[in-house]
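Structure first, then comments.
Just so you know, all these numbers are worked out from the coordinates, no wet-lab data involved. Since the model is a prediction, treat every value here as computed from it, not as a measurement. Cβ atoms come from the backbone with ideal geometry, glycine included; neighbour counts cover every protein chain shown.
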């Protein structure tokens, strides 16, 4: 059974619904839908903490709303996943060199 991720705020045990990422170069805090995987340097927030989010003075907050159509996997998503797994399972034979061709090492760039 998969464990639901929890809010990363201290003493909060609510389930996470959004992921916060800081883009230091742009002085922007990006709050978007919950990331598929927990990543270093990102913060998962519950609904209450994501709504009350504030950024440092001078920073912008970019809130990315999830597309309601993508909240649940669609039938097409499941078919695409199954196709990808099938393709990955196929073994690709090593190509054999054509007769009369030989591999020649590349010349050294140092002269």
**OP:** Output the residues belonging to region 1-41 that are closer than 19 Å to residue 62 by Cα and assigned to a strand (DSSP E or B).
**Re:** 18, 19, 20, 21, 22, 23, 28, 29, 30, 31, 32, 33
Original post:
Which residue pairs have Cβ atoms closer than 7 Å, lie 6 or more positions apart in sequence or on different chains, and pair a first residue in region 9-35 that is on the phi > 0 side of the Ramachandran plot and free of Cβ contacts under 8 Å to residues at least 60 places away in the same chain with a second residue that is assigned to a loop (DSSP other than H, G, I, E, B) and surrounded by 14 or more Cβ atoms within 10 Å (Cβ to Cβ)?
Top reply: 27/59
